[in-house]
Amino acid sequence: MECKRILLGKPFVLLLVALLLVNTYFFVYQNRDEETDFFYYRDTYDAVLTQLSDLSFEEALAWCEEFEEETNQQWIEGTWDFSQESAIKRMIVQQVEEQYAHLVGYEEYLENIQKNAKKLQGVSLFADNSSFAYKNTVKTAEDFASLSGVSVTAGHDLAVTGVFADAWTEIISLIPIFLVCGLFLQERRKGLHVLVNATPMGRGKLAVKRIGILFLASAITVLVLFGSKIFLNGYLYRGLGEWGRTLQSIPMFYNVPYSMTVGKFWLWYLAVKIVGLFFAGLVLWLIQALISNISAAVGVLGVVAGVEFAFTAIPSSSFFAPLRYVNLFSYINYQPVFTRYLNLSVFGNPVSGNAIACILLPILCCILALLLVLVSKKKYPIGGKRRSFQKWERFKAKADRTFSGGGLFVKEAKKLLFYRRGILVLLILILLLTQFGIPYRDEMSSDLYQAYYQEKYAGPITEDTVKALQEELTTATESEQISALTQMLSEISRAKDGDWIVPSEPYEALFTVQQYHYTVALTALLFLSLLVSPIASQERQAETVTLLYSTSGGRRRLWLMKQALIFSATLVVWFLVYGSELLRLTDFYGNFTCLAAPLSSLARVSLYDWNISLGQTLVLLYALRLSVLWTAAQFCFALSSVCKKNSNAVILNCSILILPAALGAIGSSIGSCLSMLLPLTVIDLAPAIFPYLFLFVIFIAAAALSRCFCKIK
Amino acid sequence: MKNGANMKLQICQLCKKYGSKVALDHFSFDFECGVYGIIGANGAGKTTLMNLITDNVKRDSGQILWDGRDILDLGKKFRAVVGYMPQQSGVYGEYSAREFLRYIAELKEIPRKKAKGQIEELLNIVNLKEVAHKKLGGFSGGMKQRVLLAQALLGEPKLLILDEPTAGLDPKERLRLRNYIIELSKDRIVFLTTHIISDIESTANEILLMKNGQLIKHGAPQALIAEVCGKNLDDVYMAYLGDD
Ligand SMILES: Nc1ncnc2c1ncn2[C@@H]1O[C@H](COP(=O)(O)OP(=O)(O)O)[C@@H](O)[C@H]1O
Ligand SMILES: [Mg+2]
């Protein structure tokens, strides 16, 4: 029943189908070429291989080398035709050349291993036959001895190596396992837990059943996702009929000491993937079972994953090197473990990394499964009083006493950041901001010189600077130099009294009207409204409003605290979004200098001709942005206070505040009129005051509205 | 004000309508120190009365005076002396019991040090000390009820309003609560609404019987019983409210 509920249930089946589509999409995306037919690459590859199939390895290799020589000559002589077809053919011949070079040299490679071993055994340094180096050499020779005499053959290698071209499938195969673990815990949330787990026997049996289900789910996921990937690559590169080839025929596997065919390798690979995914699922499930608090569980999962990932960087000479192989990531991405021949010292004896990984994997799975059965037998739905938990409980009680203090502001902030997951919103924002680019500026060929002269003569324009610039012009030689100087002089001639020469690049980038500013503004609005949305609706959702209103500080003071909180949230978002913008911008274009210069010095890009300095302009610009964001937050607060549910508040805010802004950002003029996008970018509206007055009215109205809804029930 | 003797809550001609539905109809009464048991069927208007006293609902007409001044004028000063346990209230599922109480203490503007001691004491009284660090989301109905009760008692309110406090409590807890309320009532006004008579019988100094938003009878329990020649309050209830 449980098996049916999970594996044949809608979520799992639909997810698997969706992932299969995604997987296929990635496959097509990976192999497509914009200029040629989808099968062109494959057909050319196939044609070259067929052409060479009658030749010996050496002859084929010689042909490839000759072809490459020819094309190189064409490059030099300028007779190369630069067509996509020629480029592809060249690439393919290089690929095939690599294949044949490997085939030609493989036998010798094997012989060398044996020779080396014999030679080293003769050297006195290694003759100490208890040393690791000695044992390792002997073991290597023994391992590869079994391969002598295998016949390597030419074939469609891409059909195999194409499977390992990207790691997308590895990543998405984790998703169904996450889902299954989530479904296991679903009834805990629904309150069915008490029923299902009535007796320890029942609980144990259920856990065993679920372990089986998890294994089945892993098997299905791997077979569907990796099976399809293997099949698709085999089909595309015509390798489906070649599963009888010796695995070592493919350069990628030259270092694999096991004698097997490609078909056997696929079986082995799928088996390891299945057990590996099962292992990952067990780890996830155990974490969830031990930690009922979901955010804590996510945190622990993150730490476990981080530590495991750090283990992958352990050098192979280290005593802890086995940890590199007995590792979630070596199972998630198994191919490097398999293809790399490396012996680790386990108590002085050489053991291959692959063997360590594969032997320990089932053992670890058994241990985890056993733990899970034990945990699920022990764990009570609410408040276990078992002795083993008592210490933990006492610790939690102490932590609770310590951390539940703090003033009203701290408590409200905690509610929003931790209980309403605001911290996640901020983390995602920070992650996103690291991916942001910089605003561009209209570039000209004379820029380099202009920047140089602006830097050199930065400061108030005097007769001396004009003279000096004119002198530079007379000695200038290059045309770009001349045009830069001419332009500067012509700007100076139009300049007002008191204007400066200002290194203008960062200002230009900041003041250019462009898509970039909309994207940034939209991001700020979106994350601020996500952060602030639950601020008032959470009280309604928890149905505590009556309670709060009957306390002395539950009306005006609470409202003031929430006001302080939304202002702080605004400050944080503003600081993150625009602070990082300034960092990126100055990093690329240089610092904002000449802050005391009047705004009219930047006539070329100037916003408006107010009589203020550049420094004041910057302050004004960012202060306006802060106040527009604050208005947006105020607006979210007001909307939030009419919502009975947090999700409704988020939806309402997004549809009223974000949707028009998003439309505006992609170019709809109605969208940008109805949103705060333009006032937030400031630059578009430049001298207009009316929009800001209007926003001020909105600010007051929103504040009043949120206050009213805090009063009347 | 400190002196319990001049604590007085006067309600005069209080009316409240929801649309055309009259929830409270010219309710008048003077309350002084002691426990007042307010009995009435569901829909009699008890919760409405409590919500009016705590200014959670706007009144249509009438007055509510605390020591001679209207509570709407006193505002925050009045709410500072009120402890309210609403009939239907949620809690924050993510808070632990202790954290929730600290949050309410903060809202009640009780000095932090004083609140800390009080909270531990109250957790003992409502018998939640052992689970005080657990999330309220995992609490049973009765446990949540006790947290809400503790919350009302925070800050030693002069006016304690408990709207159906015993709903969801087991008999042992009820007894405990009853004894505690008797102890509390020495120097404060306690409202206790219920539709379960036995909760009030031994606790209340005065019983108020409500029906359709009107106060139809009041008096000391023994006097009321004597008046209808009954054996206990059940008979009183049946005599006055049991006719439909
Ligand atoms: N918010 C409201 N809107 C409309 N009618 C209400 C509302 N609250 C209470 N009522 C009505 O007022 C009457 C009194 O309700 P209430 O005071 O809750 O009674 P009790 O607490 O004695 O059971 C009931 O008829 C109820 O339907
Ligand atoms: Mg009621």
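The values are calculated or read from the model by the stated rules, or taken from the named source; none is laboratory data. Since the model is a prediction, treat every value here as computed from it, not as a measurement. Note that we place each Cβ from the backbone using ideal geometry, even for glycine, and neighbour counts take in every protein chain shown. Surface areas here come from the heavy atoms of the whole protein model, side chains and all, with no ligands, DNA or RNA. Shrake-Rupley method; radii C 1.70, N 1.55, O 1.52, S 1.80 Å.
Suppose we filter region A:246-280 for residues that are under 30 Å from A:Leu372 (Cα atoms) and either touching a Ser or Thr at 6+ places or on another chain (Cβ under 7 Å) or open to solvent by 20 Å² or more (accessible area, probe 1.4 Å) (or both); how many remain?
Number satisfying all stated conditions: 8.
For every residue, the table says whether it meets (1) under 25 Å from A:Leu530 (Cα atoms); (2) surrounded by fewer than 20 Cβ atoms within 10 Å (Cβ to Cβ); (3) in the same structural domain as A:Tyr457 (by TED's automatic domain parsing); (4) modelled with pLDDT under 90.
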{"residue": "A:Leu602", "(1), (2), (3), (4)": "no, no, no, yes"}
{"residue": "A:Gly615", "(1), (2), (3), (4)": "no, yes, no, no"}
{"residue": "A:Ala633", "(1), (2), (3), (4)": "yes, no, no, no"}
{"residue": "A:Ala649", "(1), (2), (3), (4)": "yes, no, no, no"}
{"residue": "A:Cys673", "(1), (2), (3), (4)": "yes, yes, no, yes"}
{"residue": "A:Ala688", "(1), (2), (3), (4)": "no, yes, no, yes"}
{"residue": "A:Phe694", "(1), (2), (3), (4)": "yes, yes, no, no"}
{"residue": "A:Ala704", "(1), (2), (3), (4)": "yes, yes, no, no"}
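So, restricting to helices (runs of 4 or more DSSP H) that lie completely within region A:313-363, which ones have at least 2 residues that are within 23 Å of A:Leu267 (Cβ to Cβ) and not aromatic (Phe, Trp, Tyr)?
Where helices (runs of 4 or more DSSP H) fall fully within region A:313-363 and carry at least 2 residues being within 23 Å of A:Leu267 (Cβ to Cβ) and not aromatic (Phe, Trp, Tyr), they are A:328-332, A:335-339.
Looking only at region A:235-280, how many residues end up being over 17 Å from A:Val96 (Cα atoms) and in a loop (DSSP other than H, G, I, E, B)?
Filtering region A:235-280 for residues over 17 Å from A:Val96 (Cα atoms) gives A:235, A:240-241, A:243-244, A:246, A:255-280.
After this cut, where a residue has to be in a loop (DSSP other than H, G, I, E, B) as well, the list is A:243-244, A:255-260.
Adding up the residues that qualify gives 8.
Quick one: what pairs do we get from region A:515-537, first residue in contact (Cβ under 8 Å) with a residue 12 or more places away in the chain, second in a helix (DSSP H, G or I) and of a type in the set (Ser, Thr, Tyr), C-beta under 6 Å, 6+ apart or different chains?
Pairs that qualify, where the first residue is in contact (Cβ under 8 Å) with a residue 12 or more places away in the chain and the partner is in a helix (DSSP H, G or I) and of a type in the set (Ser, Thr, Tyr), are A:His517/A:Thr681; A:Ala521/A:Thr681; A:Ser533/A:Ser640; A:Ile535/A:Ser640; A:Ala536/A:Ser640; A:Ser537/A:Ser640.
Considering each of B:Lys134, B:Lys158, B:Lys129 in turn, give the residue that is open to solvent by 50 Å² or more (accessible area, probe 1.4 Å) and closer than 30 Å to A:Phe395 by Cβ.
Result: B:Lys129 is the single residue among B:Lys134, B:Lys158, B:Lys129 that is open to solvent by 50 Å² or more (accessible area, probe 1.4 Å) and closer than 30 Å to A:Phe395 by Cβ.
Do you know which residues across region B:101-118 are more than 10 Å from every other protein chain (Cβ to nearest Cβ) and under 22 Å from B:Ile181 (Cα atoms)?
B:Lys114, B:Gly117, B:Gln118
Mind counting the residues in region A:542-587 that are of a type in the set (Gly, Ala, Ser) and within 7 Å of another protein chain (Cβ to nearest Cβ)?
5
Scanning for something over 30 Å from A:Ala217 (Cα atoms), aliphatic (A, V, I, L, M) and buried (at least 16 other Cβ atoms within 10 Å of the Cβ), does region A:49-58 turn up at least one residue?
Within region A:49-58 (the criterion being over 30 Å from A:Ala217 (Cα atoms), aliphatic (A, V, I, L, M) and buried (at least 16 other Cβ atoms within 10 Å of the Cβ)), the answer is yes, since at least one residue qualifies.
Any residue at all in region B:119-141 that is hydroxyl-bearing (Ser, Thr, Tyr) and within 7 Å of chain A (Cβ to nearest Cβ)?
no
I'm trying to understand the selection: among the residues of region B:34-76, which are assigned to a helix (DSSP H, G or I), in contact with a Ser or Thr (Cβ under 8 Å, 6 or more places away or on another chain) and surrounded by fewer than 24 Cβ atoms within 10 Å (Cβ to Cβ)?
Within region B:34-76, B:Thr47, B:Lys76 meet the criteria.
Which pairs have Cβ atoms under 8 Å, sit 6 or more apart or on different chains, and link a residue in region B:77-94 that is more than 8 Å from every other protein chain (Cβ to nearest Cβ) to one that is assigned to a helix (DSSP H, G or I) and open to solvent by 30 Å² or more (accessible area, probe 1.4 Å)?
Sorted first by the residue in region B:77-94, then by its partner, the pairs are B:Gln87/B:Thr47.
So which helices (runs of 4 or more DSSP H) stay within region A:392-485 end to end and still have 1 or more residues that are open to solvent by 50 Å² or more (accessible area, probe 1.4 Å) and among the aromatic types (Phe, Trp, Tyr)?
A:408-414, A:447-456
Does region A:157-180 hold any residues that are of a type in the set (S, T, N, Q) and open to solvent by 20 Å² or more (accessible area, probe 1.4 Å), and which are they?
Listed by number, the list holds a single entry, A:Thr161.
Of all the residues that make up region B:77-90, how many are away from ligand 2 (no atom under 13 Å from the Cβ) and open to solvent by 50 Å² or more (accessible area, probe 1.4 Å)?
Total satisfying the criteria: 2.
For region B:21-33, give me each residue that is within 15 Å of ligand 1 (Cβ to nearest atom) and open to solvent by less than 20 Å² (accessible area, probe 1.4 Å).
Answer for region B:21-33, where residues must be within 15 Å of ligand 1 (Cβ to nearest atom) and open to solvent by less than 20 Å² (accessible area, probe 1.4 Å): B:Ala23, B:Leu24, B:Phe27.
Quick check on region B:191-209. Is at least one of its residues within 14 Å of chain A (Cβ to nearest Cβ), open to solvent by less than 40 Å² (accessible area, probe 1.4 Å) and within 16 Å of ligand 2 (Cβ to nearest atom)?
yes
Please work out which residue is nearest to B:Lys231 (Cα to Cα), limiting yourself to region B:192-209 and to residues that are assigned to a loop (DSSP other than H, G, I, E, B) and within 16 Å of ligand 1 (Cβ to nearest atom).
B:Ile197
Tally up the residues in region B:9-52 that are closer than 23 Å to B:Ile181 by Cα, within 14 Å of chain A (Cβ to nearest Cβ) and away from ligand 2 (no atom under 13 Å from the Cβ), please.
0
Could you run through region A:16-36 and say how many residues are open to solvent by 70 Å² or more (accessible area, probe 1.4 Å) and either modelled with pLDDT of 80 or more or in contact with a helix residue (DSSP H, G or I) (Cβ under 7 Å, 6 or more places away or on another chain) (or both)?
Number satisfying all stated conditions: 4.
Return a yes/no flag: does region A:586-597 have any residue that is modelled with pLDDT under 95, out of contact with any Lys or Arg (no Cβ under 8 Å at 6 or more places or on another chain) and aromatic (Phe, Trp, Tyr).
yes
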